[in-house]
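Okay, structure first, notes after.
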Amino acid sequence: MSPFGKARYERLLEGLEVTEKQLSELERTWRIDAEFFQRRHLRLAEQLQQYRLESVAQVAAVSDGNHFSISESFVEEGIPYYRGQDVAGHFFIEQAAANAITREAFEQPFMKRSHLQQGDVLLSIIGTVGETSLVKTAREATCSCKLAILRPQAISPEYLAAYLSSSVGKSLTERWKRGAVQTGLLLEDMDQIPVARFSGRFEDAIKSAVDAAFASLESGRRLLQLADQTLLQALGLDTWTPPEALSYVRSCRETFAAGRFDAEYFHPAKAQALVDLRALSDVCVGDLFESIRDLWQPTEAAGLPVRNYDLTDALDPFLDPSKTTTSPEEIASTKKQIAAGDLVVSRLRSYLREIAVVLPSDDGITAVASTEFIVLRPKKGATLTAEALLIFLRSRLPQIVFKWSQDGSNHPRFDERELLNLPVPRALITDQVTYETAVRHMVTHRQRATRLLDAAKRAVEIAIEDSEAAALAHLAAANPPYAAA
């Protein structure tokens, strides 16, 4: 046996994720967990030392959202109350379909500290740690304690949001989270998370790209809103008001035919909506579209990657064909296979309006989606496009029909037959080009916004990996009018 010397010790460590630290080198909270000292975290920390660093706590006032129970104050329409999951995948918090609370609850004294302001950066600190959203508008809103509220004081909110959303920011928040079963970030650790600072020119360029992305998203939103208003006016339903009967009677024949006897299913608002739509229609959705049930099993996928879309992907009115692929081994349940030109409609929680057109992709990768989606595909010779149907299904009367067709409490969902039997107005078919064009222009605006945000986040990474000049060149390629601002 040879002596256990330094050379032998180093040979034993070859290829292993091992880091040695002196006790004197530990940071103030004395972290000794191996995750904190992963080499990739240490490499990034060393890389950041080349730049002027300020902590999150130095550039922003740090607090968190509401700690008190508020669920009894949730309403369908009210003041947005954002939770941890609402920031996931939404660079701007206004993109999220949040719960809402009453004004009375919003104005409670204990809620004042969690009122959001324009320019706040929201950081998820419990559960899905590290997800970031920017509060871009001044509309009233609040949030739960699962979100840290970073109120920038010496930094552009747009730059801080882009920095924290980049791979650099995500690595930093991942490093500083703590816990075992449920991990989280502590507000007191915000003074340890570094923010790399660059020239005013560069940080302003990031801000300009983010501003342009938000403007593009708003343009897309207004197009959908205008299309909805145009359709209601064309149908003569723009002033439609649902009846508010205190009681109503239905026959046994109706309940047996429907297979339902709950009062909600026969709500007068739903009944009137269907009567008015039938008066404007000759056909139903099921006459023009077929429901596709092409099931996909991960165990039969031959290891080929797929694009896996969940319900939240349809919060945008289209499924993004650039979404990162997933290996079948990472998917634990049966999915529905979908194709370009399909329209997916979530039957779960209809009020979220998770309805989206499936866009074509250039790489031929298989697309699959949650089985909670009803997948509609135009029948051969159909006289209505998926884009025009999308505008109709998101409009007021179909949404009322879906709302009062739901069954269940925790996970309310409507049956497929309610969608297939929904009357389609003649005016929608006659003027469908108007609505198809609006959707396609909306898609263009939203895709541009995505490119700009991706470019802003990547520019932060390039500035750290290479130089400001290289990062500005990257921004210029993605957004010429703004990058040199």
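The values are calculated or read from the model by the stated rules, or taken from the named source; none is laboratory data. Because the structure is a prediction, the values reported are computed rather than measured. Every residue, glycine among them, receives a Cβ derived from its backbone with ideal geometry; neighbour counts consider all protein chains shown. When the accessible area is computed, the model is the full protein with side chains, heavy atoms only, and any ligands, DNA or RNA have been set aside. Shrake-Rupley method; radii C 1.70, N 1.55, O 1.52, S 1.80 Å.
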Per the filter on the range 397-453, residues open to solvent by less than 50 Å² (accessible area, probe 1.4 Å), within 30 Å of Glu264 (Cβ to Cβ) and under 23 Å from the mean Cα position of the chain (by Cα) are Gln399, Phe402, Pro412, Phe414
Test set (1) more than 30 Å from Gly89 (Cα to Cα); (2) assigned to a helix (DSSP H, G or I) - Thr299 fails condition number: (1)
Filter result for Ser350 (within 20 Å of the chain's Cα centre (by Cα), at pLDDT below 95 and buried (at least 16 other Cβ atoms within 10 Å of the Cβ)): yes
Just to be sure before I move on: is Thr230 assigned to a helix (DSSP H, G or I) and in contact (Cβ under 8 Å) with a residue 12 or more places away in the chain in the structure I sent? yes
Collect the residues in the range 137-165 that are small (Gly, Ala, Ser) and within 16 Å of His115 (Cβ to Cβ), keeping them in residue-number order. Ala138, Ala141, Ser144, Ala148
In the range 87-100, what residues are among the small types (Gly, Ala, Ser), open to solvent by 30 Å² or more (accessible area, probe 1.4 Å) and farther than 12 Å from Leu122 by Cβ? Gly89, Ala97
Could you list, in sequence order, all residues of the range 321-347 that are open to solvent by 50 Å² or more (accessible area, probe 1.4 Å), farther than 19 Å from Leu295 by Cα and not small (Gly, Ala, Ser)? Lys323, Thr324
Residue selected from the range 375-396 under the condition farther than 14 Å from Gln432 by Cβ and surrounded by fewer than 17 Cβ atoms within 10 Å (Cβ to Cβ), by the criterion modelled with the lowest pLDDT: Gly381
I'd like the residue in the range 230-248 that is touching a helix residue (DSSP H, G or I) at 6+ places or on another chain (Cβ under 8 Å) and under 24 Å from Val433 (Cα atoms) and, out of all such residues, is least open to solvent (accessible area, probe 1.4 Å). Leu231
Taking into account only those residues within the range 111-134 that are outside any loop (DSSP other than H, G, I, E, B) and open to solvent by 70 Å² or more (accessible area, probe 1.4 Å), which is nearest to Ala161 (Cα to Cα)? Arg113
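Okay, residues lined up against (1) within 28 Å of Lys207 (Cβ to Cβ); (2) open to solvent by 60 Å² or more (accessible area, probe 1.4 Å); (3) within 24 Å of the chain's Cα centre (by Cα); (4) of a type in the set (Asp, Glu):
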{"residue": "Leu42", "(1), (2), (3), (4)": "no, no, no, no"}
{"residue": "Gln58", "(1), (2), (3), (4)": "yes, yes, no, no"}
{"residue": "Ala61", "(1), (2), (3), (4)": "yes, no, no, no"}
{"residue": "Ser69", "(1), (2), (3), (4)": "no, yes, no, no"}
{"residue": "Glu72", "(1), (2), (3), (4)": "no, yes, no, yes"}
{"residue": "Gln85", "(1), (2), (3), (4)": "yes, yes, yes, no"}
{"residue": "Thr102", "(1), (2), (3), (4)": "no, no, yes, no"}
Any chance the range 249-265 includes a residue that's among the β-branched types (Val, Ile, Thr), farther than 25 Å from Gln447 by Cα, in contact (Cβ under 8 Å) with a residue 60 or more places away in the chain and surrounded by 13 or more Cβ atoms within 10 Å (Cβ to Cβ)? no
Scan the strands (runs of 3 or more DSSP E) fully inside the range 325-442 and keep the ones with 2 or more residues being among the hydrophobic types (A, V, I, L, M, F, W, C) and in contact with a strand residue (DSSP E or B) (Cβ under 6 Å, 6 or more places away or on another chain). 343-346, 355-358, 367-369, 373-378
Quick check on this structure: which one of Ala227, Ala209 is surrounded by 21 or more Cβ atoms within 10 Å (Cβ to Cβ) and under 19 Å from Glu461 (Cα atoms)? Ala209
Being among the acidic types (Asp, Glu) and closer than 15 Å to Gly89 by Cα is the filter here, so list the residues in the range 450-465 that pass it. Asp454
Pull up the range 273-282, narrow it to residues that are aliphatic (A, V, I, L, M) and open to solvent by less than 40 Å² (accessible area, probe 1.4 Å), then point me to the one that is farthest from Phe402 (Cα to Cα). Leu277
The residue that is farthest from Gln49 (Cα to Cα), considering only those in the range 157-197 that are open to solvent by 20 Å² or more (accessible area, probe 1.4 Å) and assigned to a loop (DSSP other than H, G, I, E, B), is Val181
Which listed residue is over 22 Å from Gly236 (Cα atoms), hydrophobic (A, V, I, L, M, F, W, C) and touching an Asp or Glu at 6+ places or on another chain (Cβ under 8 Å), from Phe402, Phe414: Phe414
Name the residue that is least open to solvent (accessible area, probe 1.4 Å), counting only residues in the range 142-156 that are farther than 18 Å from Leu185 by Cα and small (Gly, Ala, Ser). Ser156
Expected output for the range 103-117 (first residue at pLDDT 95 or above, partner of a type in the set (D, E, K, R), Cβ below 7 Å, 6+ apart or cross-chain) is Phe106/Glu140; Gln117/Arg151
Name the residues in the range 284-305 that are loosely packed, with under 12 Cβ neighbours inside 10 Å and of a type in the set (Asp, Glu), would you? Glu300
Checked the range 139-155 for anything assigned to a loop (DSSP other than H, G, I, E, B) and out of contact with any Gly (no Cβ under 9 Å at 6 or more places or on another chain); matches are Arg139, Glu140, Ala141, Gln153, Ala154, Ile155
